[in-house]
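Chemist: Encoded as structure tokens, here's the structure I'll be asking about.
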Amino acid sequence: MDIYKEISDRIISQMENGIIPWQKPWVASGNAISHTTGKPYSLLNQMLLGKAGEYVTFKQCQQEGGKVKKGEKASMVVFWKFIEQEDEETGEKKEVPFLRYYNVFHIDQCEGLTSKHTQSLPDTAAPDASADAIISDYLQRSGVKLTHKEGDRAFYQPVSDCITLPSRRQFSQTAEYYSTAFHELTHSTGHASRLNRLEKVAFFGSEAYSKEELVAEIGAATLVHHAGLETPDSFRNNAAYVQNWLNVLRNDKRFIVSASGKAEKAVKLILNQ
């Protein structure tokens with residue numbers, strides 16, 4: 001049996017039933033967010049603040065009936081504001097960006113405020129010896145580094161040859177945790193020192209980026225199946241993710257065939273076959 005063809009055919013079969021909604025498999029955690037809106041700050045502001053949790057301005061704290069503790073120091077967040085200006089020579093009006101900042105306090109620095117947006121983590125994804133062995137063996141052979149960080153991102157960084165995953169506690173399903181891990185492992189096989197598949201010019205939403213996402217997700221679905229962890233929900237989410245990227249590629253299912261062939265090479269490298 002050609003497992004790669006079977007996985008691809010099953011994904012196509014799922015998609016033929018219509019649009020499948022994709023669900024992010026983990027609960028976001030570890031971000032600095034606005035206490036007022038619940039929205040996470042930009043990556044730059046995450047770095048400036050340095051601590052996860054909810055933040056308020058001095059005024060927002062007062063409006064909610066709280067007060068900043070004596071002696072507490074504010075942290076700075078920045079944002080771009082566009083201001084309309086008129087060119088003195090041409091009279092043409094244009095919007096010019098200005099970098100602005102304001103001061104915020106973590107709610108731990110305030111009295112009378114309680115968290116409004118912090119979600120408890122599912123902590124229900126269980127370790128699996130078979131899947132862990134696949135990951136450990138590949139990491140030792142390849143030299144790829146894997147770190148876990150509570151947050152809202154899973155990614156592979158070719159420059160550092162490092163995979164970053166959310167913590168297992170953020171996942172509700174075992175299969176979804178390992179599917180995410182296997183997805184990033186598959187990306188890492190494209191490094192120039194391995195299968196040399198990753199294109200330097202690829203950017204989010206481009207054809208090259210979309211094709212690589214298909215390869216990684218088919219690889220993930222295959223490895224989850226190989227480890228005996230597949231569930232109807234996890235496979236449906238694999239198909240939904242593939243469908244999302246196929247939409248970028250004008251829903252041309254021929255790309256699945258090409259991606260399946262590349263995924264096969266990636267999986268065999270991960271499994272040391």
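The values are calculated or read from the model by the stated rules, or taken from the named source; none is laboratory data. None of these values were measured; they are calculated from a predicted model. Cβ: placed from backbone, ideal geometry, glycine included. Neighbour counts: every protein chain shown. Heavy atoms of the whole protein, side chains included, go into the accessibility calculation; ligands, DNA and RNA do not. Shrake-Rupley method; radii C 1.70, N 1.55, O 1.52, S 1.80 Å.
Chemist: Name every residue in the stretch 205-232 that is surrounded by fewer than 16 Cβ atoms within 10 Å (Cβ to Cβ), more than 18 Å from D128 (Cα to Cα) and in contact with a helix residue (DSSP H, G or I) (Cβ under 9 Å, 6 or more places away or on another chain), in order of residue number.
Modeler: Correct list: G205, S206, E207.
Chemist: Among the residues of the stretch 235-247, write down those that are open to solvent by 60 Å² or more (accessible area, probe 1.4 Å) and either of a type in the set (A, V, I, L, M) or under 19 Å from I3 (Cβ atoms) (or both). Can you show your working first?
Modeler: Initially, the stretch 235-247 is screened for residues open to solvent by 60 Å² or more (accessible area, probe 1.4 Å), giving 236, 244, 247.
Correct list: R236 only.
Chemist: State all residues of the stretch 187-204 that are crowded, with 16+ Cβ neighbours inside 10 Å, among the hydroxyl-bearing types (S, T, Y) and more than 17 Å from R153 (Cβ to Cβ); if no residue qualifies, say none.
Modeler: Scanning the stretch 187-204 gives a single hit, T189.
Chemist: Would you check which residues across the stretch 88-108 are open to solvent by less than 80 Å² (accessible area, probe 1.4 Å), farther than 26 Å from G151 by Cα and either more than 35 Å from the chain's Cα centre (by Cα) or touching a residue at least 40 places away in the same chain (Cβ under 8 Å) (or both) and list them?
Modeler: Of everything in the stretch 88-108, just one residue is open to solvent by less than 80 Å² (accessible area, probe 1.4 Å), farther than 26 Å from G151 by Cα and either more than 35 Å from the chain's Cα centre (by Cα) or touching a residue at least 40 places away in the same chain (Cβ under 8 Å) (or both), namely G91.
Chemist: Suppose the filter is modelled with pLDDT under 95 and out of contact with any helix residue (DSSP H, G or I) (no Cβ under 9 Å at 6 or more places or on another chain); does S120 pass it? Let's see the steps before the verdict.
Modeler: On the way: modelled with pLDDT under 95: yes; out of contact with any helix residue (DSSP H, G or I) (no Cβ under 9 Å at 6 or more places or on another chain): yes.
Yes; evaluated as a whole, the condition is true for this residue.
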